[in-house]
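Before any comments, here is the structure.
Bear in mind these aren't lab numbers, they're just calculated from the coordinates by the rules spelled out. Note that this is a predicted model, so its numbers are computed, not measured. When we count neighbours, we look across all protein chains shown, and the Cβ atoms used for this are built from the backbone with ideal geometry, even at glycine.
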Amino acid sequence: MEQNIVIIGGGPAGYTAAIYSARAILEPLVLAGYSSGGQLMTTTEVENYPGFPQGILGPDLMDNMKVQAERFGAKIIYKDATKVDFSKKPFEITYEDEMAKAKAVIIATGAGPKKLGIESEKRLWGRGVSSCATCDGAFYKGKEVAVVGGGDSAMEEAIFLTRFANKVTLIHRREQFRASKIMIERAKKNPKIAFALNKTVAEIQGDGKVTGLALQDVKTGKSSNLKADGFFLAIGHIPTSDIFKGQIDRDAEGYILANAKTETNVPGVFACGDVVDHRFRQAVTAAGMGCMAAISAEKYLESIS
């Protein structure tokens, strides 16, 4: 059966696109994936999503969106898309051993933070380990936190965290930063920011919540401990876009290129959320883009009918 719209991805962008397209009676098929809900599934408290003055748990917010999409007739399948063919119409999307055909496709596969790859990082993720200062910074009022990274994002995260924390330690494995001069100067002039250079994070300490970091000097090999109530990764993000390689235009980092209407270079294929957005990466901006993609897809379907 040919679908009007197949939505690939089940985070805030995908579910919002599903809500809008379902309400337009387009009966979208959502391939939400095995990790349905996206990055918010690893976030404990979400305090900056409009409409929840007391905050809401990340998984609860995603479940609410899912239920809302289903209420209007969206069909949700918890399988990952593994292959696409946008070279012919209807478009073909393979998931496991099945295939869906669609007149229009909305890509909302998101992105994930680059991680250190150590066991304690996984164990304490969402319990003091985060990749979003904007999301979680307010939890560290009057406390001490650490940021790892050497680019503009790391500087921005560290500077932002000084609004809440008493001390922010910026950890970098080299002596020189990749960040722009102006961002380095701003960080250095901030009295709340300390620097731990030529250091790597060997372990994140804590049982149930972060209490500190074990650092290793890359030159001497010496170990040291750093007190920290929170630990933020700012070493980059990886867009989930590998299956679209050769099918639609992406930039050098793998982010899908889309215009202000969320249109890609392939008519009928739209992209929204963190797989497009390498700047804001917020649930509310992803949801907004999901709305835009659904409306754009609806207009496209009208134009070809």
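The table that follows gives values for the structure above.
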{"quantity": "5 angstrom amide H check on Ile7, placed H, neighbours 5+ away", "calculated": "Leu29, Val30, Leu31, Ile106"}
{"quantity": "Free-standing Cys, the chain [no other Cys Cβ under 4.7 Å]", "calculated": "Cys272, Cys291"}
{"quantity": "Exposure proxy order (Cβ contacts within 10 Å, fewest to most) of Glu302, Glu263", "calculated": "Glu302, Glu263"}
{"quantity": "Overall form of segment 115-233 per C-alpha gyration tensor (a/c, 1.5; a/b vs b/c)", "calculated": "oblate"}
{"quantity": "Candidates Val145, Val168, Val67, ranked by Gaussian network fluctuation over the chain, Cα under 10 Å, top entry", "calculated": "Val67"}
{"quantity": "Net charge contributed by nearby residues that have their C-beta within less than 11 Å of Lys199 (K/R +1, D/E -1)", "calculated": "+2"}
{"quantity": "Local net charge near Phe270, Cβ-Cβ under 11 Å (Lys/Arg +1, Asp/Glu -1)", "calculated": "0"}
{"quantity": "Charge context of Leu215, other residues only, Cβ under 13 angstrom, K/R +1, D/E -1", "calculated": "+3"}
{"quantity": "³J(HN,Hα) computed for each position of segment 101-112 - Karplus, 6.51 cos²θ - 1.76 cosθ + 1.60, integer Hz, glycine/proline x", "calculated": "10, 9, 6, 9, 10, 10, 9, 9, 7, x, 8, x"}
{"quantity": "For the chain, built as a Gaussian network whose Cα springs stay under 10 Å, the top-fluctuating residue of Leu31, Leu197, Leu233", "calculated": "Leu197"}
{"quantity": "Residue (of Ala194, Ala158, Gly230) at the positive-pole extreme of segment 115-233, dipole from beta-carbon charges", "calculated": "Ala194"}
{"quantity": "Placed amide H near Tyr95: partners under 5 Å, 5+ positions off or other chain", "calculated": "Thr82, Ala100"}
{"quantity": "Dipole magnitude (debye, nearest 20) for the chain, charges at Cβ of Lys, Arg, Asp, Glu", "calculated": "1100 debye"}
{"quantity": "Karplus 3J(HN,Hα) series, Hz, for segment 128-139 with 6.51 cos²θ - 1.76 cosθ + 1.60 (x for Gly, Pro)", "calculated": "x, 9, 8, 10, 9, 5, 4, 6, 10, x, 5, 6"}
{"quantity": "Where chymotrypsin sites (Phe, Trp or Tyr not before Pro) fall in DSSP loop in segment 94-152, at most 12 other Cβ within 10 Å", "calculated": "none"}
{"quantity": "Most fluctuating residue given options Lys103, Lys167, Lys181, as computed from a GNM of the chain linking Cα atoms under 10 Å", "calculated": "Lys181"}
{"quantity": "Residues whose placed amide H lies under 5 Å from that of Lys79, excluding near-sequence neighbours", "calculated": "Ala32, Gly33"}
{"quantity": "Overall form of segment 1-82 per C-alpha gyration tensor (a/c, 1.5; a/b vs b/c)", "calculated": "oblate"}
{"quantity": "Mean Cα-pair separation over length for the chain, i.e. relative contact order, pairs under 8 Å, 6 or more apart, %", "calculated": "21 percent"}
